[in-house]
1. Hey, could you pull the Cα Rg and Dmax for the stretch 7-347, both in Å?
2. Let me check against my output: what whole-number percent is the relative contact order of the chain, with C-alpha pairs under 8 Å and at least 6 apart?
3. Can you pull the percent of the chain's accessible area that's carbon plus sulfur, 1.4 Å probe, other chains left in place?
4. Can you give me the long-range amide H partners of LEU239? Hydrogens built in the peptide plane at 1.01 Å from N, cutoff under 5 Å, separation of 5 or more residues or another chain.
5. In whole Hz and in residue order, list the ³J(HN,Hα) couplings for the stretch 294-302 that follow from phi through the Karplus curve 6.51 cos²θ - 1.76 cosθ + 1.60, θ = phi - 60°; x for Gly and Pro.
6. Is the stretch 164-213 best put as rounded, prolate or oblate by its Cα gyration tensor, with a ≥ b ≥ c the root eigenvalues, rounded for a/c under 1.5, and otherwise prolate when a/b is larger than b/c, oblate when not?
7. Send over the per residue convex hull volume for the stretch 40-86, Cα only, as a whole number of Å³.
8. If you place +1 on the Cβ of every Lys and Arg, -1 on the Cβ of every Asp and Glu, and leave all else neutral, what size is the dipole of the chain about its Cα centre, to the nearest 20 Debye?
Amino acid sequence: MAPTEKYVLVAGGAGYIGSHTALELLLAGYKVVVVDNLCNSSEEAVRRVGELAGCDVPFYAIDLRDKEALDAVFAKYDIDAVLHFAGLKAVGESTKLPLEYYDSNVGGSIALLKTMAKHAVPKIVFSSSATVYGDVTRFENMIPIPEECPTGATSPYGHTKLIIEDILRDAATADSNLKVAILRYFNPIGAHPSGRIGEDPLGVPNNLLPYIAQVAIGRRARLQVFGDDYVGSPDGTPLRDYLHVVDLAKGHLAALAKLDSVASTVPGEGYMREWNLGSGKGSTVFQIIHAFEAATGKTIPYDIVGRRAGDVLNLTAKATRANKELNWAVTLSIEDACRDLWHWTTMNPYGYGKQPE
Ligand code: NAD
Ligand code: UFG
């Protein structure tokens, strides 16, 4: 989509990936309105996005399930596309609070789609996840993982992503005006090179890089490495496909451009397609620790502990579909991401918040 007078609504735009994407949209000339219930984020992120882009970003602190409030935003702005980041995302927490996950993720998505339909908004890009593939070692020769890989999520969080993908597929089948891009992210890491926006996890970080950064800055003593006995890994630790969050953000602009250029091939139906967004390269936990140490000069003390429930050996993307069809590929390295994460961390040791008393 060429930037127009119309708006892109970024749902979940105060969060980690949404804030970086809102910035890339603004820098490319799009007009952006952000909605977010701030359950896992800070309005300060949106303010800083505006500061970096040199403009004020309209922001509404609303929950997607609040239909009246959402409707009022759609009534106020001429919206041409929605980027849908809003949802709960912690795999472990989802096993404890499954109903919260279904309610927020699935309920929020349905409310959003109904409001889009009411206001005839024709395009949506949805944040799905590599977690929809589950443990792909159940198949032979499925790594790197292509989009055709059968799905098989293993947590309530993953199930919500699959259900939302199904809902989007059905909605696109029923509505010839609707175009849907499903982006299955692998492991986004890093921060904006300015050091002004980045990931700000609440409480103990679940994810590897934020945890490493908090060890390096002295907020936590040691990293726990969850298992070094994975057969099929060069050093026994699991492989993931890490990509810089700015590359991931740019993937959304590529998806919007794609939705603008495609037409449904089935009469009477809309358009929907899935793309993996990853680098195509797997890295082990030890390789990431060493990359961070090399990029920052810090030493990360760690202990090897037991495996984390639900972890799988290898989630590495086959990214050729996005490379060819979206004309998108990663441009930044893991070293770039580690350097930018460290810059963000040293400039904001307590994220967007203040140091606790
Ligand atoms: P995040 O938690 O930083 O951002 C999500 C945002 O959505 C938060 O700001 C939160 O406050 C908001 N939100 C949650 N529920 C809401 C609701 N019902 N109504 C309105 N706002 C709501 O997470 P992120 O890492 O930026 O992830 C963005 C999206 O990408 C999520 O959907 C996530 O599942 C998906 N994803 C993330 C990763 C990852 O590793 N970070 C990987 C794959 C997929
Ligand atoms: N790890 C540790 N110690 C930690 C944290 C993580 O050893 O303190 C290891 C994990 O065992 C795993 C690797 O680091 O081997 C990456 O773990 P993350 O938690 O950073 O990422 P995951 O791959 O488990 O999950 C993330 C998102 C999911 C998404 C998935 C896609 O949290 O939502 O990437 O690949 F689906």
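The values are calculated or read from the model by the stated rules, or taken from the named source; none is laboratory data. This structure is a prediction, so every number in the text was calculated from the model and none was measured. Positions of Cβ are backbone-derived with ideal geometry, glycine not excepted, and every protein chain shown enters the neighbour counts. Areas reflect the complete protein model, heavy atoms only, side chains present, ligands, DNA and RNA absent. Shrake-Rupley method; radii C 1.70, N 1.55, O 1.52, S 1.80 Å.
1. 19.3, 60
2. Averaging sequence separation for qualifying contacts and normalising by length gives 20 percent for the chain.
3. That fraction is 52 percent.
4. The answer is ASN314, LEU315.
5. 5, 6, 10, x, 8, 9, 9, x, 9
6. In terms of gyration-tensor shape, prolate.
7. It is 98 Å³ per residue.
8. Dipole size: approximately 200 debye.
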